[in-house]
Amino acid sequence: MPEDRPQRSAERHQVVLVNRQFAEVTGVINVESFDVREFVLQTTNGMLSIRGDNLHIKTLTLESGVVSIEGVIFDLVYLDDGFHPGEKAKGLFGKLFR
């Protein structure tokens, strides 16, 4: 499946979490900070915080925008308002139902 992996230029962002012990994130632009309890990643869809215990990088390939993290994962949180797929629809319905 690596040959099917999207390139960074396509700006596709995906998070795959397996058994709360492994996460693979695509669409990563930069690793802002990391330690054994939290990773903060800048992605094409906003800042992503991955928190847990005993976290460490398994794979880091910023050229293709992929980061793999192992450890016990507690939560994944987007820290900003970077991506709202429903905004255009809300605007349309807001205009229709004034």
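The values are calculated or read from the model by the stated rules, or taken from the named source; none is laboratory data. The structure displayed is predicted, hence computed values, not measured ones. Don't worry about glycine lacking a Cβ; one is built from the backbone with ideal geometry, like all the others, and counts go over all protein chains shown.
Name the one entry in Gly65, Gly71 that is over 15 Å from the mean Cα position of the chain (by Cα) and surrounded by 13 or more Cβ atoms within 10 Å (Cβ to Cβ).
Working: Gly65 fails: over 15 Å from the mean Cα position of the chain (by Cα).
Going through Gly65, Gly71 in turn, the sole match is Gly71.
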- request: Could you tell me which numbered condition Asp4 fails, if it satisfies all but one of (1) over 19 Å from Leu62 (Cβ atoms); (2) at pLDDT 95 or above?
  value: (2)
- request: Could you list all residues from the stretch 36-62 that are at pLDDT below 95 and small (Gly, Ala, Ser)?
  value: Gly46
